[in-house]
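See below for the structure under consideration.
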Amino acid sequence: MFPTAFRPSRRALLGGGAALLTAAIVRAAEPDLAGLSDMTAGAIPIGVAERQARLARAQALMRASGIGAVLIEPGSSLIYFTGVRWGRSERLTAAVLPVDGDPCIVTPFFEEPSVRQTLAVPAEVRVWQEDEDSLKIVAGFLRDRKLAAHTIGIEESARFFAFDGLARALPGATLVSANPVVRGCRMIKTPAEIALMQLATDVTIAAYRWTFPRVVAGMTGTEIGALMNAATRRLGGDPEFALALIGPAAALPHGSREVIRVADGRVVLMDCGCTVQGYQSDVSRTWVHGRASAEQRRVWEQVRAAQALAFRTARIGVAAGAVDDAVRAHYERLGYGPGYRLPGLSHRTGHGIGMDGHEPVNLVHGEPTTLAPGMCFSDEPGLYLPGKFGVRLEDCFHMTPSGPAWFSTPPESLERPV
């Protein structure tokens, strides 16, 4: 039930369109939100020493893979290695990580002062003018470092024009995927990274605990998500997503455009995450508003058992795909599937997570990468019954030398989802 300070009227929830504005729902919750405090004040950001250690690790992997340099466009990998926070546009800003020595940042001349504001490691900065070819500037740096004829790695999210432009500017170079280097670094989280992911998860769980008792009949998924985001901000997190699926929409893992309202006996499935100092959380919870049916209760317990099975299967040296296989075989024994067919589990059991909500590698059939300390994954083996409802319980874990460790504790029961 709502606390006294937050008890919107039935008219406010079920009346005309203006009364249902999401902003009004959040405003009504302001007295309760005021009781939340920032949980992230003590968060320790990634420092220069850690980024330099990342560069050293990348260079060791380059040498092992026969790669002379790596080209990275703006995004999480650029932040990971250099601290530079920049958006992508038709004007190239990029980092070049050489196999030896400091990296180089290539950026438009007029953007250099802004780019330097977040540059967090020693680096050379080379600029290009509007009438110049930015990839020729990259090529010039590689020539100066005697790397023009070497194998050059391209970070997997880089755009084609960067790949094509560099190939034209350096016809003697061989361009390959930089995955052995970039993934080789980013998939293994350090204690500092895991601490930030833990804090982000703690914020999300606290926001769930605030939001859950405030979900009432008549609410839409958008309104529930707005409450979750408001709580997340008050708790110090930067909201990434707050998906709330109701009734039959919960059978669609990423939702429906149909507006469905909370009502007695309807499933509410929430999938939410936030960022703290650049690192993300991802937690899903499912419950039934009011009285649950026997079928809803049975499916919820089946998902809970599958989530625990995935966690038990995730051991050092086990292939990531084996976790998904174990869950899928369990569901098939219960009559779901087979494989990814519905009713059943239509998506992978889990995904990598870190600076991005979805990172390589995934807990999916056929993935041969073996689990190692420092890897982080979601564990979310939902079940989806088209036209009826879906259940997803999602908690993330990180691999330790002795096995997996939860970032958040899975729910105890359908009645106590958080």
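The values are calculated or read from the model by the stated rules, or taken from the named source; none is laboratory data. Owing to the predicted nature of the structure, the values given are computational and were not obtained by experimental measurement. Note that each Cβ is placed from the backbone with ideal geometry, even for glycine, and that neighbours are counted across all protein chains shown. All accessible areas refer to the heavy atoms of the entire protein, side chains included, with ligands and DNA or RNA removed. Shrake-Rupley method; radii C 1.70, N 1.55, O 1.52, S 1.80 Å.
Of note:
- Taking every DSSP beta bridge that has both ends in the chain, the antiparallel portion is near 75%.
- With DNA, RNA and ligands ignored, accessible area of D264 (1.4 Å probe; Å², nearest 10): 110 Å²
- Our note on the geometry: Cα centres of segment 269-307 and segment 62-82, 36 Å apart.
- Carbon and sulfur %, accessible surface of the chain computed with the full protein complex present, 1.4 Å: 54 percent
- Under the combined filter of DSSP loop state and at most 15 neighbouring Cβ atoms within 10 Å, segment 258-328 retains these trypsin sites (Lys or Arg not before Pro): R291, R315.
- Whether segment 248-330 is rounded, prolate or oblate, judged on the alpha carbon gyration tensor where a/c under 1.5 counts as rounded: oblate
- Since only P360, M270, Q296 are under comparison, the one whose Cα sits farthest along the positive direction of the charge dipole of segment 191-406, derived from C-beta charges on Lys, Arg, Asp and Glu, is Q296.
- Charged neighbours of M197, selected by a Cβ distance under 11 Å, balance to -2 (K, R count +1; D, E count -1).
- Among 368-376, 252-260, the order from most to least packed when residues are scored by Cβ within 10 Å on average: 368-376, 252-260
- Taking every C-alpha pair closer than 8 Å and separated by at least 6 residues, the mean separation divided by the residue count of segment 48-186 gives a relative contact order of 27 percent.
- Neighbours of W287, meaning other residues whose beta-carbon lies under 14 angstrom from its beta-carbon, give a summed charge of +3 when Lys and Arg score +1 and Asp and Glu score -1.
- Gyration tensor verdict on the chain (Cα atoms; rounded if a/c is under 1.5, prolate if a/b is larger than b/c, oblate otherwise): prolate
- Judged by the ratio a/c of the largest to the smallest principal axis of the C-alpha gyration tensor, segment 191-406 counts as oblate, that ratio being 1.5 or greater while a/b is no larger than b/c.
- Bridge type composition, segment 48-186 - antiparallel percent by DSSP, nearest 5: 35 percent
- Averaged per residue, the chain has 42 square angstrom of accessible surface, using a 1.4 angstrom probe with ligands and nucleic acids left out.
- Over segment 303-362, the reciprocal of the mean inverse Cα-Cα separation, the Kirkwood hydrodynamic radius, stands at 12.1 Å.
- When you restrict to C-alpha pairs under 8 Å that are six or more residues apart and normalise by the size of the chain, the relative contact order lands at 13 percent.
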